[in-house]
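Visitor: Submitted below is the structure of interest, expressed as structure tokens.
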Amino acid sequence: MTIDVTFDFRSDATTDDPDRSSPTLRRYHQALWSKPLPNGHRFDLDTTTPWEYLHHRSDLGEFFLSSDSVIPTYDHWQSTAARIARVPPNEVESFVAVGYTIGGMMVFPSNKVDGKWTINMARGMSRAIADRMDLTLECARSRSKPGSVQHGRPALPDRGAPH
């Protein structure tokens, strides 16, 4: 499969949320993230599981994945509205468009554990992270490190939405 790194997933989305409704984005994620693992097992992602974006089930376990843009634009936040308003609209749109190409997208674990936020939910809703990928990745790393006090905790506690 050829991946068009300039393809804007909003162009084939069937709703205003390309993460959920762009068939091209889903195919690209499936192709990019289905692969042989270092231990010799295959990690193949399925798109046919009802109500799931991407799914894997094998002796490795069961994994549910969703997609999200990882380039925050802050164009809908009240706290940044005045700054964004000073940028020409065509420049804002050009920047937003990059976030809807494959280089601006990532898959995240999507199943909640014990009713807590997923790491992606915390990324968008917690003031402690505020959509920053550097902090999101650090949270994921610290929670997945064996022996860590945080090990196995899927997300930060709710501290209120940043917008």
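Visitor: Can you name every residue in segment 87-127 that is more than 26 Å from GLU62 (Cα to Cα), touching a Pro at 6+ places or on another chain (Cβ under 9 Å) and exposed (fewer than 15 other Cβ atoms within 10 Å of the Cβ)?
Guide: Within segment 87-127, ARG127 is the sole residue that qualifies.
Visitor: So in segment 41-82, with the set limited to residues that are among the aliphatic types (A, V, I, L, M) and either part of a loop (DSSP other than H, G, I, E, B) or at pLDDT 90 or above (or both), which one is nearest to the chain's Cα centre (by Cα)?
Guide: VAL70
Visitor: Here's a check for you: in segment 16-34, which residue that is at pLDDT below 95 and not in a helix (DSSP H, G or I) is surrounded by the most Cβ atoms within 10 Å (Cβ to Cβ)?
Guide: ASP17
Visitor: Can you report the number of residues in segment 84-102 which are among the polar types (S, T, N, Q) and more than 23 Å from the chain's Cα centre (by Cα)?
Guide: Total meeting the criteria: 1.
Visitor: Looking at (1) under 28 Å from ARG26 (Cα atoms); (2) modelled with pLDDT of 75 or more; (3) out of contact with any helix residue (DSSP H, G or I) (no Cβ under 8 Å at 6 or more places or on another chain), which one does GLY124 not meet, given that it meets all the others?
Guide: Result: GLY124 fails condition (2) only.
Visitor: Looking only at residues in segment 83-113 that are in a helix (DSSP H, G or I) and in contact with a helix residue (DSSP H, G or I) (Cβ under 6 Å, 6 or more places away or on another chain), which one is modelled with the highest pLDDT?
Guide: ILE102
Visitor: Still on this model: Can you name the residue in segment 5-28 that is among the acidic types (Asp, Glu) and touching a residue at least 40 places away in the same chain (Cβ under 8 Å) and is also farthest from VAL96 (Cα to Cα) among such residues?
Guide: Looking at the filtered set, the residue picked out is ASP19.
Visitor: Considering only segment 1-15, state which residues are touching a Ser or Thr at 6+ places or on another chain (Cβ under 7 Å) and exposed (fewer than 13 other Cβ atoms within 10 Å of the Cβ).
Guide: Correct list: VAL5, THR6, THR14, THR15.
The values are calculated or read from the model by the stated rules, or taken from the named source; none is laboratory data. Since we're looking at a predicted model, the values are computed, not measured. Because the Cβ atoms are built from the backbone with ideal geometry, glycine has one as well, and the counts that use them run over all protein chains shown.
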